[in-house]
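The values are calculated or read from the model by the stated rules, or taken from the named source; none is laboratory data. None of these values were measured; they are calculated from a predicted model. Cβ sites come from the backbone with ideal geometry, for glycine too, and all protein chains shown count toward neighbours.
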Amino acid sequence: MKEKEVHSSKKQKNKIEQSKIIRNRILIVASILLVIAVILCLYKVIIFVQNPTDTFTVEQGKIYQEERAIGYIIREETIVKGSNYKNGMEQIKSEGEKVAKGEAIFRYYSSGEENLVKKIRELDTKIDEAMAKAKENQILPSDIKALDKQIEDKIASLYQVNNLQIIKEAKKEIANNITKKAKIAGDYSPAGSYLKKLIDERSKYENQLNQGAESLKAPISGVVSYKVDGYEEIFSPKDFSNLNTEFLEGLNIKTGQIVADNKESAKIINNFECYIVCSLNSKQAKEAKVADKVKLRLPNDTEVTAKIEYIAPEEENVLIVFQIDRQLQSLVSYRKMSFDVIWWSDSGKKVPNDAIGVENKGENEVNYVIRIRGEYQDKIWVKIKRKNEKYAVVENYTRDELEELGYTNEEISGRKTLTLYDEILRKST
């Protein structure tokens, strides 16, 4: 009986030991599998960091081949300056206002003008007082009433006017009518001799004022500008051959600096066209030709069409003169500016260059992208219409085009096409 119990106990111990062995083996295997899984995860993370892959959504987009440039503005500019420039000037035409040949632009003040103007104002006050007394003492003739009506109408007409030239002309007309009225009142007034004396004195000062002043007129038609910087002769469109990169840089003109208003002279600008000269070194610039048309993006972000007017190859760069006939007024304040030359632009399905792979088909190289939909990846053949440094505009091949490239009917019938908003894999190469 005891032997049976001993045997049963040994048997039970063996089972426990075997269970322990099995559990230990399971733990060892599980630990090994866990270590392997961790190693695989770490490996994938390292691979992802070293060679990241992400996706890109295909959209309708536009790509440019453009180049940043620093340019100098060339215009047909005619300086207008008189002999009395030290007296200071009064603008008759405003900045940017169009003028015809022979129109007054500005005037120089006469010598001692401030004092003369003060005396005229004092006399005007005395004349008004004398006329008021004349009006109290007698009935004034109909001529004065007519002049009063003209003055009132002229004043009323100015309420909605904001044109400086019209206002100045109206003020002059009102002053003339007041003087006429004063003369008539003097003739009919018992105190006429006193009033006439005031009027004669005023006329004397007014003549001195007009004789000393100098009025400057436009020698040609165009646009008035008071932003005279002294470079008008240097940047003349008459001859581009005297321009080169070294010469332009030696002028030390600050990029984007606004030209200040000149207090001594003005200029008339040709408002039909202007030119921009710059030095470029891109492949596109070196391959450009006279009469080629490109787009320029100006400092105000407006894009204008430009024609290449002149090209001068240099040792490393190429000097190019662009002609434009739009947005001229926005450039009047500048002599040197930064802008973009847009050599070409194209639109369509826009994809990043690093999403495009290449495969060989016979003697042909065919581009493709990898589209991702759920867990599936499809290779889609695409042809590149245009590309720049970062992006390309692509489109799908037609069946005929794929046949010419050497693909079989079976390959073509199973092909996929790229559509907008497809997700494609980057780093496919």
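Between R386, R415, which is surrounded by 14 or more Cβ atoms within 10 Å (Cβ to Cβ), in contact (Cβ under 8 Å) with a residue 12 or more places away in the chain and more than 43 Å from the chain's Cα centre (by Cα)? Let's see the steps before the verdict.
Details: R386 fails: more than 43 Å from the chain's Cα centre (by Cα).
That would be R415, the only listed residue that is surrounded by 14 or more Cβ atoms within 10 Å (Cβ to Cβ), in contact (Cβ under 8 Å) with a residue 12 or more places away in the chain and more than 43 Å from the chain's Cα centre (by Cα).
Going through the range 400-412 one residue at a time, which ones are surrounded by 12 or more Cβ atoms within 10 Å (Cβ to Cβ) and either free of Cβ contacts under 8 Å to residues at least 40 places away in the same chain or within 29 Å of W344 (Cα to Cα) (or both)?
Result: E401, L402, E403, L405, E411, I412.
Go through (1) at pLDDT below 95; (2) in contact with a Leu (Cβ under 8 Å, 6 or more places away or on another chain); (3) polar (S, T, N, Q) for T179 and report which single condition fails.
(2)
Take I28 and tell me if it is in the same structural domain as Q329 (by TED's automatic domain parsing) and either modelled with pLDDT under 95 or assigned to a strand (DSSP E or B) (or both).
Spelling it out, it is not the case that I28 is in the same structural domain as Q329 (by TED's automatic domain parsing) and either modelled with pLDDT under 95 or assigned to a strand (DSSP E or B) (or both).
Is there any pair linking a residue in the range 234-263 that is closer than 20 Å to V332 by Cβ to one that is among the aromatic types (F, W, Y) and assigned to a loop (DSSP other than H, G, I, E, B), with Cβ under 8 Å and at least six apart or on different chains, and which?
Hits for this filter: L251/Y231; I253/Y231; D261/Y226; N262/Y226.
Within the range 334-343, does at least one residue satisfy the condition of being within 30 Å of S225 (Cα to Cα) and acidic (D, E)?
Yes, the range 334-343 contains at least one residue that is within 30 Å of S225 (Cα to Cα) and acidic (D, E).
I'm told W344 meets every condition in (1) closer than 30 Å to T398 by Cβ; (2) exposed (fewer than 15 other Cβ atoms within 10 Å of the Cβ); (3) over 20 Å from the mean Cα position of the chain (by Cα) except one. Can you identify the failing condition by its number?
Single failed check for W344: (3).
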